[in-house]
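*Asks:* Supplied in structure tokens, the structure appears directly below.
The values are calculated or read from the model by the stated rules, or taken from the named source; none is laboratory data. Here the structure is a predicted model, which is why all the values come from computation and not from measurement. Heads up, the Cβs are rebuilt from the backbone with ideal geometry, glycines too, and the neighbour counts pull from every protein chain shown.
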Amino acid sequence: MDKLMIEGGIALRGHIPISGAKNAALPLLAASLIAPGEHTLVNVPRLRDIRTMQRLLEHMGAESQQDEHFHIDTSRIHTPEAPYELVKTMRASVLVLGPLVARFQHAKVSLPGGCAIGARPINLHLEGLERMGAEIQLQHGYVMAKAKRLQGTTITFDQITVTGTENLMMAASLADGVTVLENAAREPEVIALAEYLNEMGAHIRGAGTPQITIEGVPNLSPGTHTVIPDRIETGTYMIAAAITGGHLTLSPCHPEHLEAVISKLEGTGATICVNDGTLEIQAASAIRSVDVKTWPFPGFPTDMQAQFMSLMALGDGVSLITEQIFENRFMHVLELRRLGADINLDGRTAVVRGVESLSGAPVMATDLRASASLVLAGLAADGLTEIRRIYHLDRGYETIEQKLTAVGARIWRERDQD
Ligand code: EPU
């Protein structure tokens with residue numbers, strides 16, 4: 001296993017290129033199952049989660065290769081099944097359920113198990129499919145779904161779910177009649193998926209609003225699509241500038257996907273310029289403490305909560321950080337404390353009292369965004385920080401050491417002997 005070593009205390013300066021968004025690419029890859037033939041995806045990041053989705057699609061009979069672009073041929077799917085071995089390493093595997101039931105009238109998908117950030121059930125995905133006429137049974141840890149042809153209907157989510165919205169939008173694209181999704185997720189990744197499905201011949205309106213209307217069509221044909229820039233990677237590097245007293249430009253990016261993050265960072269004193277797909281951020285001389293509550297898009301993303309906490313650890317006062325999406329997304333708190341942060345948990349709120357400085361220490365990554373928060377804290381800390389279990393980081397940040405090294409960071413990977 002590898003570990004990351006960081007010698008902190010250097011102000012980062014320069015340009016960081018932003019990769020394609022993991023959470024946009026994964027549903028696009030799953031969507032390729034819905035239309036037999038060769039699909040081409042441009043700007044797919046080279047990440048562990050993408051490899052897992054590729055293995056899953058290949059297990060079903062798809063052929064794929066990633067050169068400059070990602071090519072995937074879904075003409076010869078023989079096993080509409082997602083095995084536990086793959087689903088347990090990546091919950092987004094559940095995104096194959098909707099496309100498989102819609103195209104093959106049956107699917108077998110392992111139930112995801114527990115997860116470091118919360119219980120994360122998939123009941124809303126399953127209830128939606130049942131409302132569309134699918135027969136769902138849970139057997140031996142698997143979801144067994146069957147449907148002659150899914151029927152359009154109205155589905156109101158009682159909680160906003162990103163992959164739930166995506167799964168049902170894909171399923172409804174091939175259903176008989178009109179499906180209306182109420183209280184749908186409005187994330188940019190949902191819009192990107194709707195655009196791709198429409199390019200394939202689907203009739204989807206309203207993606208990006210709480211009401212999405214999908215008129216089912218009998219079949220779809222393969223397409224080509226470019227993955228949007230990763231807004232969470234962008235936000236993470238914005239904080240890298242803010243926390244190290246640095247100055248970074250980041251592109252390509254869609255600043256309109258980051259408004260809540262930009263406005264909170266401005267609240268901390270950072271200066272941010274938005275220009276034609278580029279974000280420029282200059283750190284403040286002192287970091288002001290501000291409060292944050294996570295919320296579905298366009299609110300402050302839960303996927304930025306841990307990173308923002310690292311910044312607040314060095315704030316000039318007290319910051320209240322409230323996590324409203326996942327009940328257990330505070331695994332980074334104990335590790336940040338090892339670096340000298342003063343953080344107490346009160347239910348779903350972290351009370352972060354800013355300290356003068358952080359000091360490097362060995363820490364353990366527990367999930368993807370928690371790992372990113374430790375990298376950020378390590379970049380700002382005095383001395384050496386050692387981050388173990390960085391396979392979490394490799395799930396979602398493409399070439400992170402190279403990108404940070406290029407803007408002045410002292411960060412490298414070593415084999416972990418333990
Ligand atoms: N929920 C249910 N039942 C369901 C579905 C969701 O109770 O059937 C609950 C969840 O337990 C959670 C809330 O609803 O409390 C929202 O979960 P959501 O379904 O929106 O999360 P997700 O679709 O599983 C995606 C991202 C996550 C991101 C969340 C929230 C992908 C592949 N994953 O997960 O990304 O945190 O939306 O924005 O798009 C990450 O990239 O690090 C990551 C975890």
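*Asks:* Return the total of residues in the range 273-323 being more than 16 Å from the ligand (Cβ to nearest atom) and surrounded by fewer than 22 Cβ atoms within 10 Å (Cβ to Cβ).
*Replies:* Step one: of the range 273-323, the residues more than 16 Å from the ligand (Cβ to nearest atom) are 273-291, 311-320.
Remaining after also requiring surrounded by fewer than 22 Cβ atoms within 10 Å (Cβ to Cβ): 273-278, 280, 282, 284-286, 288-291, 315-318, 320.
Total meeting the criteria: 20.
*Asks:* While we're on this one: When the residues of the range 84-115 are narrowed to those that are out of contact with any helix residue (DSSP H, G or I) (no Cβ under 7 Å at 6 or more places or on another chain) and assigned to a loop (DSSP other than H, G, I, E, B), which ends up modelled with the highest pLDDT? Walk me through it before giving the result.
*Replies:* Taking the range 84-115 and keeping what is out of contact with any helix residue (DSSP H, G or I) (no Cβ under 7 Å at 6 or more places or on another chain), we get 84-85, 88, 91, 104-106, 108, 111, 113-114.
In the following step, the residues that additionally are assigned to a loop (DSSP other than H, G, I, E, B) were identified as 88, 105, 111, 113-114.
Values: 88: 90, 105: 96, 111: 90, 113: 70, 114: 65.
Selected residue: 105.
*Asks:* May I ask you to list the residues in the range 56-65 that are more than 19 Å from the chain's Cα centre (by Cα) and either among the charged types (D, E, K, R) or within 16 Å of the ligand (Cβ to nearest atom) (or both)?
*Replies:* Taking the range 56-65 as the starting set, the residues that turn out to be more than 19 Å from the chain's Cα centre (by Cα) are 57-65.
Scanning the range 56-65 gives 57, 58, 63.
*Asks:* So for the range 163-172 (the condition being in contact with a Pro (Cβ under 7 Å, 6 or more places away or on another chain), near the ligand (Cβ under 10 Å from one of its atoms) and among the acidic types (Asp, Glu)), does at least one residue qualify?
*Replies:* yes
*Asks:* Residue check, residue 134 against (1) of a type outside the set (D, E, K, R); (2) within 24 Å of residue 219 (Cα to Cα); (3) within 12 Å of the ligand (Cβ to nearest atom), all met but one. Which one?
*Replies:* Result: residue 134 fails condition (3) only.
*Asks:* Which condition breaks for residue 144 when tested against (1) assigned to a strand (DSSP E or B); (2) buried (at least 17 other Cβ atoms within 10 Å of the Cβ)?
*Replies:* (2)
*Asks:* Any residue at all in the range 16-39 that is surrounded by fewer than 24 Cβ atoms within 10 Å (Cβ to Cβ), without any contact (Cβ under 8 Å) to a residue 12 or more places away in the chain, in a strand (DSSP E or B) and more than 16 Å from the ligand (Cβ to nearest atom)?
*Replies:* No, the range 16-39 contains no residue that is surrounded by fewer than 24 Cβ atoms within 10 Å (Cβ to Cβ), without any contact (Cβ under 8 Å) to a residue 12 or more places away in the chain, in a strand (DSSP E or B) and more than 16 Å from the ligand (Cβ to nearest atom).
*Asks:* Then there is this: Considering only residues that are out of contact with any His (no Cβ under 8 Å at 6 or more places or on another chain) and either charged (D, E, K, R) or not assigned by TED's automatic domain parsing to the domain that holds residue 54 (or both), which ones fall in the range 78-125?
*Replies:* 85, 88, 91, 103, 108, 120
*Asks:* Can you name the residue in the range 257-307 that is among the polar types (S, T, N, Q) and assigned to a loop (DSSP other than H, G, I, E, B) and is also farthest from residue 329 (Cα to Cα) among such residues?
*Replies:* Within the range 257-307, the first condition is being among the polar types (S, T, N, Q), and the residues that meet it are 263, 268, 271, 275, 278, 282, 285, 289, 294, 302, 305, 307.
Those still in the list that are assigned to a loop (DSSP other than H, G, I, E, B) too: 268, 285, 289.
Working: 268: 23, 285: 30, 289: 21 Å.
Among those residues, the one meeting the criterion is 285.
*Asks:* Next question, about the same structure. Hey, does the range 407-415 have a residue that's more than 14 Å from residue 4 (Cα to Cα) and either in contact with a Cys (Cβ under 9 Å, 6 or more places away or on another chain) or among the aliphatic types (A, V, I, L, M) (or both)?
*Replies:* Restricting attention to the range 407-415, the residues satisfying the condition of being more than 14 Å from residue 4 (Cα to Cα) are 407-408.
Within this subset, residues satisfying the condition of being either in contact with a Cys (Cβ under 9 Å, 6 or more places away or on another chain) or among the aliphatic types (A, V, I, L, M) (or both) are 407.
Yes, there is a match, as at least one residue in the range 407-415 is more than 14 Å from residue 4 (Cα to Cα) and either in contact with a Cys (Cβ under 9 Å, 6 or more places away or on another chain) or among the aliphatic types (A, V, I, L, M) (or both).
*Asks:* Can I ask one more? Would you list the strands (runs of 3 or more DSSP E) that sit entirely within the range 318-418 and hold 3 or more residues that are touching a Gly at 6+ places or on another chain (Cβ under 8 Å)? Working first, answer last.
*Replies:* Numbers: elements: 318-322, 342-346, 349-353, 362-364, 384-388, 410-415.
It comes to 384-388.
*Asks:* Please find, among 377, 341, 381, 365, the residue that is more than 22 Å from residue 11 (Cα to Cα) and either away from the ligand (no atom under 16 Å from the Cβ) or in contact with a His (Cβ under 8 Å, 6 or more places away or on another chain) (or both).
*Replies:* Values: 377 fails: more than 22 Å from residue 11 (Cα to Cα); 341 fails: more than 22 Å from residue 11 (Cα to Cα); 381 fails: more than 22 Å from residue 11 (Cα to Cα).
Result: 365 is the single residue among 377, 341, 381, 365 that is more than 22 Å from residue 11 (Cα to Cα) and either away from the ligand (no atom under 16 Å from the Cβ) or in contact with a His (Cβ under 8 Å, 6 or more places away or on another chain) (or both).
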